[in-house]
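Since the structure comes first, as structure tokens, the remarks are kept for the end.
Every read-out reported here was derived from the displayed coordinates using simple, explicitly stated rules and does not represent laboratory data. Being a predicted model, the structure only gives us computed values, none of them experimental. We place every Cβ from the backbone using ideal geometry, glycine too, and count neighbours over all the protein chains shown.
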Amino acid sequence: MATPEGWYPDANEGNERYWDGENWTEQRRPAAAVPTATPPHVDGLGVVAIVLAVLVAPVGLVLGVVSFARSRRMNTKRSILPVVAILVGGVLNSSTR
């Protein structure tokens, strides 16, 4: 089987030389650059958002429960705010897992 025509590395010069299918020609060119892999880009803002969601959601849930318990213990008029905090904290906490 014959080697197909095309550009091949020229061992003597670090360039490429053209093979016409039968003979080497005098055509030479610089060797093609080998592409290098680039590392994937990490979105810093996305990382911060995930870290804050994981840390803040449980804190909001705990503070909502504490606030709700305090309002019951002090026999004060119950506010809707602790209930909302519990619900939002619970939803956010379950969505980040």
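Points to keep in mind about this one:
- Extension gain for V91-A33 works out to 15.7 nm (0.36 nm per residue, less the C-alpha to C-alpha distance).
- Backbone amide hydrogens, once placed in the peptide plane, bring A31 within less than 5 Å of E16, excluding anything fewer than 5 places away on its chain.
- With the simple spin-label model, which puts each label point 7 Å out from Cα in the Cβ direction, the V56 to D10 separation comes to 6.3 nm.
- Exposure proxy ranking, count of Cβ atoms within 10 Å, fewest first, for V56, V48: V48, V56
- When L63, L52 are arranged by Cβ crowding within 10 Å, least crowded first, meaning fewest neighbours, the order is L52, L63.
- With both labels modelled 7 Å from their Cα along Cα-to-Cβ, the W24 to L45 distance reads 5.6 nm.
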